[in-house]
1. Please give the Cα centre distance for region 26-95 versus region 128-153, rounded to the nearest Å.
2. In whole Å, what are the Cα extents of region 114-181 along the three principal axes, biggest one first?
3. Based on the mean of other beta carbon atoms within 10 Å per residue, what is the order of 50-59, 180-189, most packed first?
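The numbers here are math on the coordinates, done by the rules we state, and not lab data. In this text the structure is predicted, and so the values were computed from the model without any measurement. Note that each Cβ is placed from the backbone with ideal geometry, even for glycine, and that neighbours are counted across all protein chains shown.
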Amino acid sequence: PTVTPDASSIEQQASEIPARPQLLEWLVDLDQRTFELMSGASSPALDAAMAMITNASRHARLPVLTAGALSILGGARGRRCAGEALVAVGVTTSAAGAVVEGASQRRPAGSAPGPMLPSGRTASATAFATVVGHHVPMLRIPVEVFAASVGVSRVYNGVHHPRNVVLGWLFGRATGIVVIRIGGAVETRRERPRTT
């Protein structure tokens, strides 16, 4: 015989499924709790490490130095990699800065949670890592670790929420991929024999 569930059991099952607003509230709460946990942590070793990463990511210092080394030591491939990497950093930094400035974002430290805006330093470090990792696979792990460390430092220093870092990572990755594809198309066209 067919068993027909009663109305009360159906209502109970439906109530167990989280609604979209509840899921969003849970994610926002998780983001805030993670921010408070990471920005509230402190130790001499972590403080020193985060300070080093912050200085290396300021004005893309480490990416610029790395690109310079690649252009000098890497031959034609290194020069192409350095050029594309710096283009990706420039585009990402400018675009992320324009978005943040246009939205007049207030940083989370000592204020209400900021809106869904990308972390510029995370974006530029990720864009750089994407391009360099593509052209020089042996450097992929170091540059990816650096990009991830930049994101962690932004939360640890209390200047960005995790959601801003995640958006910065996505933005930087997308920009890096676009620059790689455009660079590949330009290189292919340059190498194509000209017909007269």
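1. If we compute the Cα centre of each part, the gap is 9 Å.
2. For region 114-181, the Cα extents along the three principal axes come out at 35, 22, 11 Å.
3. 50-59, 180-189
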